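No lab work stands behind these numbers, since they all come straight from the coordinates. Predicted, not measured: the structure shown is a model, and the values here were computed from it. Note: ideal-geometry Cβ built from the backbone for every residue, glycine included; neighbour counts use all protein chains shown.
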Amino acid sequence: MSTTSQLLVSRLNPEVVAFLSTPVKMFIGGQWVDAAHHETFTTRDPGTGEELAQVASGTAEDIDHAVTAARHALRTSGWPRMRANDRAVILHRLADLVDKNAAILAELESLDVGKPYAQAIGGDIPSFSATLRYYADLSVNIRQREPIAVKGHEAYSALFPAGVAAFIIPWNFPFLLLGWSLGPSLAAGCTVVVKPAEDTPLSTLYVTKLMQEAGVPDGVVNVVPGFGETAGAALAAHPGINRMGFTGSPEVGRKVAASCGANLVPVKLELGGKGAAVLFDDIDVDRTARALAGAITLNTGQVCCTATRWLVHESIWDEFVNRSIGYLNSVRIGHGLAQDTGMGPVVSQKQQRRVLGYIEKGRKEGASALMAGGAADVSGSPGGFYVKPALLTGEPDNICAREEIFGPVAYLMPFRTEEQAVELVNRSAYGLANSVWSNDLERARRVAESLVAGNGWINAHNLFPQGVPYGGTNLSGFGGGVNAPSTLFDYLRSQSIVRPTG
Ligand code: ADP
């Protein structure tokens, strides 16, 4: 924190300054502890490039302590055997505390990820508390025992918490995804070990304070920050976990699934995407251009399900491109905590290089730039990792049309017929989310159903209403998705009990 720009520090919440001023410890068995090897790593403010905090750097030893603590809590904390209603009371209390401390959490999230404060306080933080409340309420309304009508027997099935649920979280929506992970698993009565991303561990560590205040028993939630290859890999390979939820890249997802497979641990993979938006000729061009400019700049394009390929009917191409450029040019790029920032930096220098590298490779492969993109200068933040929005166009096999860039870059392609559009979208190896834009709702539904993905949206992009399953297929993952009523059951195991009566 000492090196973060003084101007910013003077405006920060004193609680945030205090939290960042000493090395942030990990949270195991209800205690804040140093890493077993006493090592720390640096988390940076991507808006300035400067150090935000030192954080305890977990390794396999810490992961083992955390899993042991979570297993101990399964036996001793009372959490798994508590009536669902009693757990729900605690989860509601935690949701209320998160709302009460939203300004602190949003500031931490904005500083650590780079996202605009308004997005954090209006989106990420309330999504966490809403998810907790949703699953808390759902859990009290399911039947724990269900009779089974079979001849000659008395039979029923019973649901029990699955055990220890482990989560490996990425850096783009750390707090929101923490909520999506904790909501169903805690409501089901599991105990939990979380490995947040090394770029963005702060909000996850801060909220453990609120968990204690809410009355979540010690050992029920354990957080081990650290690097993927060490702490993450150790968690995925630990034989003491019963469920794994991984959100991240397909490359790492494969490794995590392989480790879990070796221990026969069920795994949920939420991987990347290369979402498309298909724009027919009967749309409101201006409204759609504005919506897609919003989608590709949301979280600086670091959104796995966002619209990265824009398929535009040839008859509206010119008007749509012009309006999109207009909207994108008007997005104010700046520090997440600066007023009026519409788009913050990307999360790290590595990510900035990745985005700029993709644009360069795409152009070398023949793509032309409708909007060139490139590094952005933000006055007062010379060390920040800022990029400008970019629009490319070209052949469908261009690298920028195929691979996930994770930045504010869209690849545009014209189409003439519905069949052509569907074929272009379905070329992708990913299958996370696409949208169809048309006033002909029959056509919109037909096309939405033809696009192979876990999620299809009509006349909007990036929709996550609670209760609608969100997940991917093909390279985008498997395991049932998240956010649905069925997600709760992914953290419960079913057991049948039978007695002969005849
Ligand atoms: P990204 O490329 O977006 O950073 P990753 O898939 O690399 O996505 O990272 C997502 C999460 O997975 C992070 O918490 C990271 O630390 C973790 N991770 C990275 N490598 C591994 C690994 N080999 N095993 C387990 N977790 C990992």
Task: Size of charge dipole - the stretch 304-403 - debye, nearest 20, with Cβ of Lys, Arg +1 and Asp, Glu -1, no other charges - done: 400
Open item on the list: What is the distance in Å between the Cα centroid of the stretch 450-501 and that of the stretch 276-334?
Closed with: 28
Task: Estimated FRET transfer efficiency (A258, V89; beta-carbon r; R0 45 Å; 0.05) - done: 0.70
- [ ] Enter the angle in degrees (range 0 to 90, nearest 10) between the Cα long axis of helix 174-188 and the first principal axis of the Cα atoms of the chain, meaning the one along which they spread out most.
- [x] 30
Task: Pairwise centroid distance, computed over Cα atoms, of the stretch 219-267 with the stretch 365-390, Å - done: 35
TODO: Quickly estimate the mean residue ellipticity at 222 nm for the chain, helices only: each DSSP H run with n ≥ 4 gives -39500 (n - 2.57), and the total goes over all residues, rounded to 500.
DONE: -11500 deg cm²/dmol
Open item on the list: I need the phi-derived Karplus couplings for the stretch 315-329: 6.51 cos²θ - 1.76 cosθ + 1.60, θ = phi - 60°, integer Hz, Gly and Pro marked x.
Closed with: 6, 10, 3, 4, 5, 5, 4, 4, 5, 4, 4, x, 5, 5, 5
TODO: Mind putting a number on the dipole of the stretch 1-110 about its Cα centre? Charges go on the C-beta only, +1 for Lys and Arg and -1 for Asp and Glu, and I need it in Debye to the nearest 20.
DONE: 640
Open item on the list: Could you order the peptides 455-468, 325-338 from most to least packed, using the average number of other C-beta atoms within 10 Å per residue?
Closed with: 325-338, 455-468
TODO: Name the shape class, rounded, prolate or oblate, that the alpha-carbon gyration tensor gives for the stretch 398-502, where a ≥ b ≥ c are the square roots of its eigenvalues, rounded holds for a/c under 1.5, and otherwise prolate holds if a/b is larger than b/c and oblate otherwise.
DONE: prolate
Open item on the list: Can you compute the modelled spin-label distance between S494 and D397, with each label point 7 Å from Cα toward Cβ, in nm?
Closed with: 4.6
Task: Label point distance in nm, D318-H38, each placed 7 Å from Cα along Cα→Cβ - done: 7.1
Open item on the list: Using a Förster radius of 22 Å, what is the FRET efficiency between K350 and E251 based on their Cβ-Cβ separation? Nearest 0.05, please.
Closed with: 0.95
Task: Built amide H within the under 5 Å cut-off of L492, gap 5+ - done: A162
Task: Amide H within-cut-off set for R44, under 5 Å, with H built and near neighbours excluded - done: L52
- [ ] Work through the residues other than G189 whose Cβ is under 9 Å from its Cβ and net out their charges, Lys, Arg +1 and Asp, Glu -1.
- [x] +2
- [ ] Obtain the radius of gyration and the Kirkwood radius of the stretch 60-176 from its C-alpha atoms and give Rg over Rh.
- [x] 1.10
TODO: State to the nearest 20 debye the size of the charge dipole of the stretch 365-502 about its Cα centre, where the only charges are +1 on K and R beta carbons and -1 on D and E beta carbons.
DONE: 540
Open item on the list: Relative contact order for the chain: what percent, with Cα pairs under 8 Å and sequence separation of 6 or more?
Closed with: 18
- [ ] Mind giving me the nanometre distance, one decimal, between the label points for K100 and R11, set 7 Å out from Cα along Cα→Cβ?
- [x] 2.8
Open item on the list: Angle check, please: helix 349-364 long axis (alpha carbons) against the longest principal axis of the chain (alpha carbons), in degrees 0 to 90, nearest 10.
Closed with: 40
Task: HN-Hα J in Hz across the stretch 216-222 - Karplus 6.51, -1.76, 1.60, θ = phi - 60°, x for Gly and Pro - done: 5, x, 4, x, 6, 10, 10
Open item on the list: Could you compute the net charge surrounding M82? Neighbours are other residues with a C-beta less than 15 Å from the C-beta of M82; K and R count +1, D and E count -1.
Closed with: +3
Open item on the list: Suppose R0 equals 35 Å. What FRET efficiency, 1/(1 + (r/R0)^6) with r the Cβ-Cβ distance, do D137 and N329 give to the nearest 0.05?
Closed with: 0.20
- [ ] Go through N329, V378, L391 and say which Cα lies farthest out towards the positive end of the charge dipole of the stretch 326-393; charges sit on Cβ, +1 for Lys and Arg, -1 for Asp and Glu.
- [x] L391
Open item on the list: Ratio of alpha-carbon Rg to the 2.2 N^0.38 Å globular estimate for the chain, to two decimals, please.
Closed with: 1.00
- [ ] Rounded to whole Hz and in sequence order, give me ³J(HN,Hα) for the stretch 114-121 from the Karplus expression 6.51 cos²θ - 1.76 cosθ + 1.60, θ = phi - 60°, writing x for Gly and Pro.
- [x] x, 6, x, 3, 4, 5, 5, 6
- [ ] Quick one: which residues, 5+ away or cross-chain, put their amide H under 5 Å from the amide H of V33? H built at 1.01 Å from N.
- [x] M26, F27, I28
